[in-house]
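Notes follow the structure.
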Amino acid sequence: MKVLIVGGGGREHAIAWKAAQSPKAEKIYCAPGNAGIAQVAECVDIGVMEFDRLVAFAREKDIDLTIVGPDDPLAAGAVDAFEAAGLRVFGPRKNAAILEASKAFSKDLMKKYEIPTAAYETFDSPEAALAYVETADLPVVLKADGLALGKGVLICNTREEARAGVRALMMDKQFGAAGNRIVIEEFLTGREVSVLSFVDGKTIKVMTSAQDHKRARDGDQGLNTGGMGTFSPSPFYTKETDEFCRKYIYQPTVDAMRAEGREFKGIIFFGLMLTEKGPRVLEYNARFGDPETQVVLPRMKNDLIQVFEACIDGTLDQIHLEFEDNAAVCVVLASDGYPEHYEKGFKISGLEKFAGRDGYYVFHAGSRFDQDGAVVTNGGRVLGVTAKGDTLKEARANAYQAAEWVEFDNKYMRRDIGKAIDEV
Ligand code: AMP
Ligand code: GLY
């Protein structure tokens, strides 16, 4: 079978790497891919939003299955474009990808179907939002309605910060049209957990849990990023929590989407907060998480292509998902200055040290080949170094050791990925 993966980050590298292990996959293409993905797939220079070119490529190469990785093309209808051309594709249609693409939609859905989440109000006008923050409990959370690379969430500790936040999102349009509407919600406290799941429209199969570290600096300081590192499983995600979530969050979400005429096929990523009052949904994503995928897929025993096909065919109830009884930690190696200003184009050395080392992986997030064929940095997040271990502590020690194998100018990493493990 010929497979096309759309995307070019660490998540897509992990998907391509895992898909390549399937006996079903004869040939894998990735658009646009990156220098790491090129080890497992043939990269083609087509952007993720160029639907006409992607569809034409899939037709020309007789692609049997396309997998769309990132949120932007999903929200813009990439899956619909492939389906309209009669091509087999994995991911939610536009009308279902809205689960991530509009926070107002997802909050209203949760309210209507009584899925536990933070209390909230939605605002279309900055005047009304400004008036609301004058009396809201502090801290208060402001969220741009639309997609903003995971950065459209502002936690405001004072009224002045909240006023400035409303102005930045709705008036200065810091995140463009994503801030035409905002959600203002109650601040929750607790442990955060990411739970990814496969969904075929009616059945949901939940993967092992993970935890991301979204802030740029140690001790959860600094700006929000796409994610600086992950560990899996989360020791805080207990059996009781899992049971609660299956009953009140996971299946109810799938059923709610179906009831709304927005059947969801693909990946639902549940961003949860484990509060004193029980688990609450912070957000939904309509795709694999990045860098959660880099710790979840290495622990998965199933044939990934087979699971994707079951989602498309509506036969997920026949799949038994299995994960290894171990742990994994991913440390992101970034360019210093990310997520604001950083330089690109530095040579990366040491990548060969991962070859043939079981349980150690380097997933490329932002890399490319220079004119001489050398691998150079090409993004804020450059690499995700993942290592497995029998325990979380062992996996963390292994990941930090492997993070030293690679060098490039301005290399930056958080030193405390998985520190929470020590509290267990
Ligand atoms: P989101 O993109 O909705 O996941 O938000 C990004 C981050 O903001 C989350 O990972 C949380 O750390 C934080 N956050 C979002 N919503 C809330 C909330 N209601 N209370 C506290 N923190 C939140
Ligand atoms: N790691 C968080 C995300 O993928 O949105």
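The values are calculated or read from the model by the stated rules, or taken from the named source; none is laboratory data. What you see is a predicted model; the values in this text were computed from it and never measured. All Cβ positions, glycine included, derive from the backbone under ideal geometry; neighbour counts span all protein chains shown. The accessibility values were calculated without ligands, DNA or RNA, using every heavy atom of the protein model including side chains. Shrake-Rupley method; radii C 1.70, N 1.55, O 1.52, S 1.80 Å.
Summary value for the range 171-259: 22 percent relative contact order, contacts being C-alpha pairs under 8 angstrom separated by 6+ residues. Two decimals is fine: what is log10 I(q)/I(0) at q = 0.11, 0.19, 0.20 Å⁻¹ for the range 1-144, from a Debye sum with one equal scatterer on every Cα and no solvent? The calculated log intensity ratios at q = 0.11, 0.19, 0.20 Å⁻¹ are -0.54, -1.01, -1.08. The magnitude of the dipole of the range 179-255, with charges of +1 and -1 set on the Cβ of Lys/Arg and Asp/Glu and taken from the Cα centre, is near 140 debye. Rounded to the nearest Å, what's the spacing between the alpha carbon centres of the range 200-263 and the range 364-424? Just the number, please. Cα centroid to Cα centroid, the span is 23 Å.
Could you state the number of Å between the C-alpha centres of the range 139-190 and the range 26-91? If we compute the Cα centre of each part, the gap is 33 Å.
For Q401 and D108 in the same chain, what is the full-extension length gain: residue separation times 0.36 nm, less their Cα-Cα distance, in nm?
Details: separation 293, 0.36 × 293 = 105.48 nm, distance 4.50 nm.
Stretched fully, the Q401-D108 segment lengthens by 101.0 nm.
On the range 281-324, 36 percent of the accessible area sits on carbon and sulfur atoms, based on a 1.4 Å probe.
If R0 is 41 Å, the Cβ-Cβ spacing of A355 and D317 corresponds to a FRET efficiency of close to 0.55. Here K247 is the anchor, and the lysines within straight C-alpha reach of less than 17 Å, apart from those fewer than 8 places off in the same chain, are K111, K112, K202, K205, K239, K277. Per-residue 3J(HN,Hα) values for the range 79-85, derived from phi via the Karplus relation 6.51 cos²θ - 1.76 cosθ + 1.60 with θ = phi - 60°, read 5, 4, 5, 5, 5, 4, 8 Hz in sequence order (x marks Gly and Pro). At a Förster distance of 45 Å, what's the computed FRET efficiency of Q371 paired with R163, Cβ-Cβ distance as r, to 0.05? Here the calculated transfer efficiency is 0.35.
Whenever you get a sec, line up H320, H13 from highest to lowest accessible area (probe 1.4 Å, protein heavy atoms). Mind dumping the intermediate values first?
Working: H320 130, H13 10 Å².
I get H320, H13, largest accessible area first.
Report the extension gain between K419 and D72 in nm, rounded to one decimal, defined as 0.36 nm multiplied by the number of residues separating them, less their alpha carbon distance.
Numbers: separation 347, 0.36 × 347 = 124.92 nm, distance 3.19 nm.
Full-extension gain reported as 121.7 nm.
Could you tell me which of rounded, prolate or oblate describes the range 378-424, using a ≥ b ≥ c as the square roots of the eigenvalues of the alpha-carbon gyration tensor, with rounded for a/c under 1.5 and, failing that, prolate when a/b is larger than b/c and oblate otherwise? Walk me through the numbers before you get to the answer.
Working: a/c = 2.67, a/b = 1.88, b/c = 1.42.
Cα axes put the range 378-424 in the prolate bin.
For the chain, compute Rh as the Kirkwood radius over C-alpha pairs and then the Stokes-Einstein diffusion coefficient at 20 °C and 1.002 mPa s; write the answer in µm²/s, rounded to an integer.
Values: Rh = 21.8 Å.
Rounded to a whole number, D works out at 98 µm²/s.
Projecting label points 7 angstrom from Cα along Cα→Cβ for K301 and K2 puts them 3.4 nm apart.
Given a 1.4 Å probe and every protein chain left where it sits, what share in percent of the accessible area of the range 123-195 is carbon and sulfur?
Values: 1810 of 3430 Å².
Accessible surface attributable to carbon and sulfur in the range 123-195 totals 53 percent.
In debye, nearest 20: dipole of the chain around its Cα centre with unit charges on the Cβ of K, R (+) and D, E (-)?
Working: 52 positive and 64 negative charges, 28 e Å.
Around 140 debye, computed over the chain.
In the range 222-351 the Cα-Cα distances spread across 10 Å bins starting at 0 as 9, 31, 36, 17, 6, 0 percent of all pairs. Here the range 42-94 has 44 percent of its accessible surface on carbon and sulfur atoms, given a 1.4 Å probe and all protein chains in place. Working note: Karplus 6.51/-1.76/1.60 with θ = phi - 60° gives the range 100-116 the couplings 9, 6, 10, 5, 5, 4, 5, 5, 5, 4, 5, 4, 4, 9, 6, 8, x Hz, where Gly and Pro are set to x. Using a cutoff of 8 angstrom between alpha carbon atoms and counting only pairs six or more residues apart, the relative contact order for the chain works out to 16 percent. By the helix-only formula, in which each DSSP H run with n ≥ 4 contributes -39500 (n - 2.57) and the sum is divided by residues, the chain has a 222 nm mean residue ellipticity of -7000 deg cm²/dmol. For K265, the residues whose modelled amide H falls within less than 5 Å of its own, excluding neighbours fewer than 5 places apart on the same chain, are R93. A 1.4 Å probe run over the chain, with the rest of the protein chains in place, finds 41 Å² accessible per residue.
When all protein chains stay in place and ligands, DNA and RNA are ignored, the 1.4 Å accessible-area order of H364, H341, largest first, is H341, H364.
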